[in-house]
């Protein structure tokens, strides 16, 4: 009788243990899940608005003036101003050179004058001389100094030169040159210059 009771107890224990093992395996299967693939995040480029002083429509060449802007940066404020001045004068000189060359080319086309290499060289020298003579007559129309997050000074400048400061020396140089003054028409030349200045307004 005792043996029969012991067998029943052992059978119940075995059944219970088997049930626990099955339940444990089942629950572990529920816990372990397959890794879900991560969705790719959309990457957005950050944009920073940069404030550019002394530039824009009000500082373009117009109203009888050739204008230019420039920027200089340095850890020293004085040096930043010198760099800005140098860059602005370089830009101003470049604009004067382009304008004068376009005026001369268009004027020669209007007068149907064939320009050989010698005459073209004379015009180049004349243009260079006019730039050197007039560039010193610039006027500062804008100046701003800022300090960056990195501790550097940034200077913004804008210069202008009246068109007469370019035209008058140009006329005098042409009038004194025996080769260039042939078939030279002051009024026609000035008209072409004014037309070229109008183009600058639209740029």
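The values are calculated or read from the model by the stated rules, or taken from the named source; none is laboratory data. Note that this is a predicted model, so its numbers are computed, not measured. Heads up, the Cβs are rebuilt from the backbone with ideal geometry, glycines too, and the neighbour counts pull from every protein chain shown.
Side notes on the structure shown:
- Residues that are touching a residue at least 24 places away in the same chain (Cβ under 8 Å) and loosely packed, with under 13 Cβ neighbours inside 10 Å, drawn from the stretch 138-148: 148
- Flag for residue 179 being more than 25 Å from residue 89 (Cβ to Cβ) and over 28 Å from the mean Cα position of the chain (by Cα): yes
Matching residues to (1) out of contact with any helix residue (DSSP H, G or I) (no Cβ under 8 Å at 6 or more places or on another chain); (2) modelled with pLDDT of 85 or more; (3) assigned to a helix (DSSP H, G or I); (4) surrounded by 17 or more Cβ atoms within 10 Å (Cβ to Cβ):
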site: 58; (1), (2), (3), (4): yes, yes, yes, no
site: 62; (1), (2), (3), (4): no, no, no, yes
site: 67; (1), (2), (3), (4): no, yes, no, yes
site: 72; (1), (2), (3), (4): no, yes, no, yes
site: 150; (1), (2), (3), (4): yes, yes, no, no
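- Some residue of the stretch 161-177 being in contact with a helix residue (DSSP H, G or I) (Cβ under 8 Å, 6 or more places away or on another chain), more than 30 Å from residue 75 (Cβ to Cβ), modelled with pLDDT under 85 and assigned to a loop (DSSP other than H, G, I, E, B): yes
- Filtering the stretch 107-118 to residues that are in a helix (DSSP H, G or I) and surrounded by fewer than 17 Cβ atoms within 10 Å (Cβ to Cβ) leaves 109, 110, 117, 118.
- Checking each residue in the stretch 88-106 for being free of Cβ contacts under 8 Å to residues at least 24 places away in the same chain and either outside any helix (DSSP H, G or I) or buried (at least 16 other Cβ atoms within 10 Å of the Cβ) (or both) picks out 91, 104.
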